[in-house]
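Asks: Let me begin by handing over the structure; questions about it come next.
The values are calculated or read from the model by the stated rules, or taken from the named source; none is laboratory data. As the structure is a prediction and not an experimental result, all values here were calculated from the model. With ideal geometry, Cβ positions are generated from the backbone for all residues, glycine too; neighbour counts draw on all protein chains shown.
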Amino acid sequence: MKFIADFHIHTVASGHAYNTIYEYAQAARKKGLKYIAMTDHGPAMAGGPHLYHFQNLRCLPEKINGVRLLKGIEANIADLDGNLDVSDDNLAELDIVIASFHQHLGYSGSDKDKNTRALINVIRNPNVRIIGHPGNPQFPLDNDAIVEECRKNRVLIEINNSSFTGVVRLGSHDNCVDIAKKIKKIGWKVVFGSDSHCIDTLGRFERSLEIAKEAGLSADDIVNTSERSVREYILKA
Ligand SMILES: [Zn+2]
Ligand SMILES: [Zn+2]
């Protein structure tokens, strides 16, 4: 399966990632990617960028080395009401917003009902395009409710390649297969993200692909596989 886009990468701006956006764009071109999304951690992350980083992304070009650059954020879910660590006015200026649960950055997780309620509020935020790594067992969810809410609001669920490399979010496999199966059943889509913190892992989706295949998904169900689906499901009108 061929992939033309990686919508989840962290640059030096995140504080614990090691390449610049120009280095990523160069690597992306070599790897045959046409789109990359710069999605540095929101300001609540220790060592993460100040709000000014996101406000000033407009000074970067639309394309670097012929690779289309989407200027975005991986925002942190801050509370039960689904607020994020950047205001809606600022999020609206960005090309792409991933929203993710991360512990100790506002909302550290609770029982399934509360996590589901928080995430449904996030999904209803019209600035949010992607829910990052939702299979994390530290944040149990009502998968049926989440998947249905995503379809209704045209928000994509990420199958995050880094969740299966044995370093973070251990135990995500079964949840992610379950979520992917439910997405297939209701006719919605998934998005792959490498969650790269250096260029070596850019565009690497081997583990995400295993999950997708286990759940019966094909290329048509994964938005990273064609220009048409990137335009339809990711790019702002
Ligand atoms: Zn990170
Ligand atoms: Zn994350």
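Asks: Does K185 qualify as being surrounded by 12 or more Cβ atoms within 10 Å (Cβ to Cβ), farther than 24 Å from T39 by Cα and not small (G, A, S)?
Replies: Taking the combined requirement at face value, the residue satisfies it.
Asks: Please count how many residues of the stretch 1-56 are of a type in the set (S, T, Y) and within 15 Å of ligand 1 (Cβ to nearest atom).
Replies: Number satisfying all stated conditions: 5.
Asks: Of the residues that make up the stretch 156-167, is at least one in a helix (DSSP H, G or I), surrounded by fewer than 22 Cβ atoms within 10 Å (Cβ to Cβ), within 16 Å of ligand 1 (Cβ to nearest atom) and among the small types (G, A, S)?
Replies: Yes, there is a match, as at least one residue in the stretch 156-167 is in a helix (DSSP H, G or I), surrounded by fewer than 22 Cβ atoms within 10 Å (Cβ to Cβ), within 16 Å of ligand 1 (Cβ to nearest atom) and among the small types (G, A, S).
Asks: Condition test on G66, is it within 16 Å of ligand 1 (Cβ to nearest atom) and either within 25 Å of G203 (Cβ to Cβ) or among the aliphatic types (A, V, I, L, M) (or both)?
Replies: When the stated conditions are applied, G66 does not pass them.
Asks: Moving on. Which residues, counting only those in the stretch 199-237, are surrounded by fewer than 17 Cβ atoms within 10 Å (Cβ to Cβ), under 21 Å from H133 (Cβ atoms) and acidic (D, E)?
Replies: Listed by number, the residues that qualify are D200, E206, E210, E214.
Asks: Across the stretch 214-235, what is the total count of residues that are over 16 Å from the mean Cα position of the chain (by Cα) and either modelled with pLDDT under 95 or aliphatic (A, V, I, L, M) (or both)?
Replies: Residues meeting the conditions: 3.
Asks: Okay, next question. Criterion first (under 28 Å from A17 (Cα atoms), over 17 Å from the mean Cα position of the chain (by Cα) and within 16 Å of ligand 1 (Cβ to nearest atom)) does G193 satisfy it?
Replies: On the way: under 28 Å from A17 (Cα atoms): yes; over 17 Å from the mean Cα position of the chain (by Cα): no; within 16 Å of ligand 1 (Cβ to nearest atom): yes.
Judged against the criteria, G193 is not a match.
Asks: With respect to P49, determine if the residue is in contact with a Leu (Cβ under 6 Å, 6 or more places away or on another chain), within 16 Å of ligand 2 (Cβ to nearest atom) and not acidic (D, E).
Replies: no
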